[in-house]
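A short write-up of the structure that comes next.
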Amino acid sequence: MDDEIDIKHEEADEKLVNGAFQRLLDSYLSSRHRKKVDIITKAFNFAKQAHKGVRRLSGEPYIMHPIAVAQIACEEVGLGSTSICAALLHDVVEDTDYTCEDLANIFGPKIAQIVDGLTKISGGIFGEQASAQAENFKKLLLTMSEDIRVILIKICDRLHNMRTLESQPANKQYKIAGETLYIYAPLAHRLGLYKVKSELENLSFRYEHPDEYNSIKDKLKETEQSRHELFDKFTAPIEETLQQMGLKYHIKERVKTPYSIWTKMQNKHVTFDEIYDILAVRIIFTPNKREEEINECFNIYVAISKIYKSHPDRMRDWLSHPKANGYQALHVTLMSKQGRWIEVQIRSDRMDEIAEQGFAAHWKYKDGEDVEFTEDENELNDWLRTIKEILDDPQPDAMDFLDAIKLNLFASEIFVFTPKGEIRTMPAGCTALDFAFSIHTFLGSHCIGAKVNHKLVPLSHKLESGDQVEILTSNSQHVQASWVNFVSTAKAKGKIQAILRRDSRELQKKGEALLAEFLQKNQIESKPEVIGQLAVFHEVANLEDFYQALGNKTILLGEKDLDELAGKNVTTGKGGWRKLVPFLGRNKQKPVEDVPQQQLFVVPEKFNRKKPIFISEDTIGQYKFKHCCHPIPGDDILGYIDNKHQIEIHKRACPVADKLKSGFGNRILDAKWDMHKRMFFDATIRMQGIDRMGILVDISRVITSQMSVNIHKLTIGSNDGVFDGSIELRVHDREDVRAIIDELKKIEGTQDVQQIM
């Protein structure tokens, strides 16, 4: 009987696997790639045999994962046979006894090289140690700069992992979702994979904030009918005009994703009902001639702006100067007859495909041959060169290194001109000094100022689109430590820090030599106790700083130092040495922490990290509540095991927690509240509005009489008829805060009410 059940299971698995592979082949055959079905089938059979008998946590055969990754690579990213084979084989080297040499012999060196790149960065970017995490991320970026397909397939792999995240325990979900938001979504965005990036963000949001995700999804469902009606009424006259122009086109309704709606609600402190750009309209047309597509975009804009009035400040021309990820379109905002501003995106079918699939789509328009990535994609290669430069001077700290990479991932672009009229793409918010470093390190390190539009400006001047910039230099100029505070690009920051590190090493060596000379001259033996005593005498916090101060002559050694050593019973030659406390950060100040009433919980070695920790009135004193995000009951939270094996509590949306999820994923715990409105927590509410007589009385009445909450502190000021104030309260939980905000919003004259950290 058991044998019959096993046979039936095997048959069902076989049917499932073969069906998935057939779908993959159908997708590949309907693409414009050269049809290399044989090698794909060979890779499938090889991987199927290698993973035989292995199952995923969800219970399905393991081979379903590589097939799904290959399906995403083919259908959603538009890659060819080389990438499909690499996707099918991407876990073989790590999970079986086969080596990259075996794959090279069977499938050729290119597929083996990509699989090798994917194996190096397997299991998520990060492990337990910060240095190992940064090292693995460097491997990912280095391999990516050799063949971009490595990171494209890795993003496909991550997308499938996110789609099947339900089978993982909660702490793993937060780790993987946090890592995805911190690294993979920005990478997908930078590579132009807008659709993939949106799905990665949404899936991360769904697992980190399930209540908010479901709430927004429900509201989108409720307002779906009214959106359709608005779309139909708005597009009817546009369709009529496009038909008269004789264009082959289609119009799509684009709705903001739950994640982007939630982000806007958080950043702007507004409710779902106050977001007016949930709906956008996309006009996609097929040009009669490919070289005429930009002109036709403008022709469509001229035609539809005769129907609806356009917003003069909300036109975005990404046609003449595409974004660095290849995105091209014309964005205009029109006033509908219903009194709503609606964004319209005008793009050709080619532009639409590149917007959805990114750089991979470029090759679809190159005679339909199999994807071979060449060096002719200038923007992408400029970005990869920047990555390589950062890798040449990596940050010593792992999280600083990740931040440096992230600086260049999500930056929106501006266009700046050189004195000769050459155009350069720069991240928004960059300074004149960033521009100098983008041209050459020598220019940046000797920069004394700039002329922007022929006017003299300082190094820290922020550039705007259309500026013409001339960099001024001086050979006597040297890199200053303060520069790090105002540059915004990863390249400039990385170069400045590398130069400062090099300079400090040179100063240190000079200082060490001067100290050795001083001690030798005065016949004092060079011992750690002596050097430590001198550093303490000059009130310097650590030895590196002491050597540097000697090197740059801010500390000069002389008679007073000899007196100090003699006074401490430090003699020359042998004997008579007083044993001093080793000089290890003696003067470093420790942060002052509140002493908890309960002893902090220390995580034992065999602690089950898959189970959630529950925070109740009885256990709350056992955990550390950090000031970076001020979590209170009702917030989505997580736990983090720190270096002392104690547990910190953070909001899941906290910027510090984002770094911890990405950098120390194995230390993340699921945490839940189990509070019963018996304890009070601090909360601050900010209010703004139109000032009037009695507004303060109304605010006090709502909080104290209506909501029965004590006001801890109230600060309010009025200027030109507008009031701005903050109220510090003691509340039980997030529910109390929401109820108070809802009531305060009803007060006449109130314009904005929000909770602040």
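Scanning the range 212-255 for residues that are surrounded by 12 or more Cβ atoms within 10 Å (Cβ to Cβ) and among the hydrophobic types (A, V, I, L, M, F, W, C) yields Ile216, Leu220, Leu230, Phe231, Phe234, Ile238, Leu242, Met245, Leu247, Ile251, Val255.
Which of the residues that make up the range 612-664 are farther than 26 Å from Gln168 by Cα and among the polar types (S, T, N, Q)? Lay out the reasoning, then the answer.
As a first pass, look at the range 612-664 and keep what is farther than 26 Å from Gln168 by Cα: 617-622, 624-630, 632, 644.
Listed by number, the residues that qualify are Thr619, Gln622.
Residues of the range 321-340 that are at pLDDT 80 or above, assigned to a loop (DSSP other than H, G, I, E, B) and either of a type in the set (Gly, Ala, Ser) or touching a strand residue (DSSP E or B) at 6+ places or on another chain (Cβ under 7 Å) (or both): Gln328, Ala329, Ser336, Gly339. Among the residues of the range 528-553, those identified as assigned to a loop (DSSP other than H, G, I, E, B) and open to solvent by less than 80 Å² (accessible area, probe 1.4 Å) are His538, Val540, Ala541, Asn542, Asn552. Residue pairs whose Cβ atoms lie under 6 Å apart, separated by 6 or more positions or on different chains, with the first residue in the range 508-525 and within 11 Å of Leu557 (Cα to Cα) and the second open to solvent by 50 Å² or more (accessible area, probe 1.4 Å), are Leu519/Ser526.
Tell me which residues, restricted to the range 271-291, are closer than 21 Å to Ser310 by Cα and surrounded by 13 or more Cβ atoms within 10 Å (Cβ to Cβ).
Ile275, Asp277, Ile278, Leu279, Ala280, Val281, Arg282, Ile283, Ile284, Phe285
Within the range 261-286, being under 27 Å from Cys297 (Cα atoms) and either touching a helix residue (DSSP H, G or I) at 6+ places or on another chain (Cβ under 8 Å) or hydroxyl-bearing (Ser, Thr, Tyr) (or both) holds for Tyr276, Ile278, Leu279, Val281, Arg282, Ile283, Ile284, Phe285, Thr286. Does Phe435 qualify as being modelled with pLDDT of 85 or more and surrounded by fewer than 13 Cβ atoms within 10 Å (Cβ to Cβ)? Judged against the criteria, Phe435 is not a match.
Residue by residue, here is whether (1) at pLDDT 80 or above; (2) more than 30 Å from Ser445 (Cβ to Cβ); (3) surrounded by fewer than 18 Cβ atoms within 10 Å (Cβ to Cβ); (4) touching a His at 6+ places or on another chain (Cβ under 6 Å) holds:
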position	(1), (2), (3), (4)
Ala492	yes, no, no, no
Ala498	yes, no, no, no
Arg505	yes, no, yes, no
Leu515	yes, no, no, no
Ser526	no, yes, yes, no
Ile555	yes, no, no, yes
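Pairing each residue of the range 598-619 that is touching a residue at least 12 places away in the same chain (Cβ under 8 Å) with any residue that is of a type in the set (Gly, Ala, Ser), provided the two are 6+ apart or on different chains, yields C-beta distances under 7 Å for Gln598/Gly621; Pro612/Ala170; Pro612/Ala671; Ile613/Gly639; Ile613/Ala671; Ile615/Ala671.
Scanning the range 715-753 for residues that are within 16 Å of Val270 (Cα to Cα) and open to solvent by 20 Å² or more (accessible area, probe 1.4 Å) yields Arg738, Ala739, Ile741, Asp742, Glu743, Lys745, Lys746, Thr750, Gln751, Asp752.
Please count how many residues of the range 449-482 are part of a helix (DSSP H, G or I) and touching a residue at least 12 places away in the same chain (Cβ under 8 Å).
Taking the range 449-482 as the starting set, the residues that turn out to be part of a helix (DSSP H, G or I) are 481-482.
From the residues that got through so far, the ones that are touching a residue at least 12 places away in the same chain (Cβ under 8 Å) too are 481.
Total satisfying the criteria: 1.
The number of residues in the range 302-334 being open to solvent by less than 60 Å² (accessible area, probe 1.4 Å) and either of a type in the set (Lys, Arg) or over 27 Å from the mean Cα position of the chain (by Cα) (or both) comes to 11.
I'd like the full set of residues that are within 22 Å of the chain's Cα centre (by Cα) and either surrounded by 14 or more Cβ atoms within 10 Å (Cβ to Cβ) or among the charged types (D, E, K, R) (or both), limited to the range 415-428. Steps first, please.
First, the residues of the range 415-428 that are within 22 Å of the chain's Cα centre (by Cα): 425-428.
Result: Thr425, Met426, Pro427.
Applying a threshold of 7 Å to beta carbon distances and a minimum spacing of six or more residues, or different chains, the list of pairs starting in the range 736-757 at a residue that is under 23 Å from Met679 (Cβ atoms) and ending at one that is open to solvent by 40 Å² or more (accessible area, probe 1.4 Å) and in a strand (DSSP E or B) reads Val737/Gln755; Ile741/Gln755; Ile756/Arg686. Among all positions in the range 634-643, there is no residue which is under 30 Å from Ile183 (Cα atoms), touching a residue at least 40 places away in the same chain (Cβ under 8 Å) and among the β-branched types (Val, Ile, Thr). If you go through the range 166-195 one residue at a time, how many are more than 21 Å from Cys654 (Cα to Cα), in a helix (DSSP H, G or I) and either open to solvent by 20 Å² or more (accessible area, probe 1.4 Å) or at pLDDT 90 or above (or both)? Qualifying residue count for the region: 6.
When you check Phe486 against the structure, is it of a type outside the set (Lys, Arg), touching a Gly at 6+ places or on another chain (Cβ under 9 Å) and surrounded by 13 or more Cβ atoms within 10 Å (Cβ to Cβ), yes or no?
Values: of a type outside the set (Lys, Arg): yes; touching a Gly at 6+ places or on another chain (Cβ under 9 Å): no; surrounded by 13 or more Cβ atoms within 10 Å (Cβ to Cβ): yes.
Against the criterion (of a type outside the set (Lys, Arg), touching a Gly at 6+ places or on another chain (Cβ under 9 Å) and surrounded by 13 or more Cβ atoms within 10 Å (Cβ to Cβ)), Phe486 does not qualify.
When the residues of the range 660-698 are filtered to those that are within 28 Å of Ser616 (Cα to Cα) and among the charged types (D, E, K, R), the one that is nearest to the chain's Cα centre (by Cα) is Lys661. Selection within the range 438-471: residues that are farther than 27 Å from Leu500 by Cβ and not basic (Lys, Arg). The member of this set that is surrounded by the fewest Cβ atoms within 10 Å (Cβ to Cβ) is His454.
Return a yes/no flag: does the range 188-207 have any residue that is at positive phi and out of contact with any Cys (no Cβ under 9 Å at 6 or more places or on another chain). Yes; the residues of the range 188-207 include at least one that is at positive phi and out of contact with any Cys (no Cβ under 9 Å at 6 or more places or on another chain). For Lys268, the stated conditions do not hold, so it cannot be described as of a type in the set (D, E, K, R), surrounded by 14 or more Cβ atoms within 10 Å (Cβ to Cβ) and within 30 Å of Gln751 (Cα to Cα).
When the range 81-106 is limited to residues that are in a loop (DSSP other than H, G, I, E, B) and without any contact (Cβ under 8 Å) to a residue 12 or more places away in the chain, the one that is least open to solvent (accessible area, probe 1.4 Å) turns out to be Thr99. What do you reckon, is Tyr98 among the aromatic types (Phe, Trp, Tyr), within 32 Å of the chain's Cα centre (by Cα) and modelled with pLDDT under 90? Considered against the rule, which asks whether it is among the aromatic types (Phe, Trp, Tyr), within 32 Å of the chain's Cα centre (by Cα) and modelled with pLDDT under 90, Tyr98 comes out as no.
The values are calculated or read from the model by the stated rules, or taken from the named source; none is laboratory data. Nothing here was measured: the structure is a model prediction, and the numbers come from that model. When we count neighbours, we look across all protein chains shown, and the Cβ atoms used for this are built from the backbone with ideal geometry, even at glycine. Ligands, DNA and RNA are excluded from the accessible area calculation, which covers all protein heavy atoms including side chains. Shrake-Rupley method; radii C 1.70, N 1.55, O 1.52, S 1.80 Å.
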